[in-house]
Amino acid sequence: MYNKGKAFEQNDDSINGIEFYQRALMLYKGDYLSEDFYNEWVTPIRNYYHRIYGNAYYINGKSQEQRQ
């Protein structure tokens, strides 16, 4: 969802891009494999998904701010 939103945004279609960012935000349910917090192999994957969530959250918020 995030990559589709990014592709729409790069093609100057921010309305559809925001829709996909919002879908990505709905999919995020917290840290990936949070019960395995101390397993080192999970850390890069967990950070990757957390970073995507943060970017989608920021872009969505920026879009909402511009609409007002």
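What follows draws every value from the coordinates through simple rules; no lab data is involved. Computed from a prediction, not measured in an experiment: that's the story for all the values here. Using ideal geometry, Cβ is built from the backbone for each residue, glycine included, and neighbour counts are taken over all protein chains shown.
If R0 is taken as 25 Å, the Cβ-Cβ distance between Trp41 and Lys4 corresponds to a FRET efficiency of 0.35. The modelled label-to-label distance between Lys29 and Tyr57, using points 7 Å beyond Cα along the C-beta direction, is 1.8 nm.
For segment 2-67, the normalised intensity computed at q = 0.27 Å⁻¹ comes to -1.09 (log10 of I(q)/I(0), Debye sum over alpha carbons, equal scatterers, no solvent). Highest-first packing order for the peptide set 15-25, 56-66 is 15-25, 56-66, based on the mean count of other beta carbon atoms within 10 Å. Per residue of the chain, the DSSP helices (runs of n ≥ 4 H) give a summed -39500 (n - 2.57) that works out to -23500 deg cm²/dmol at 222 nm.
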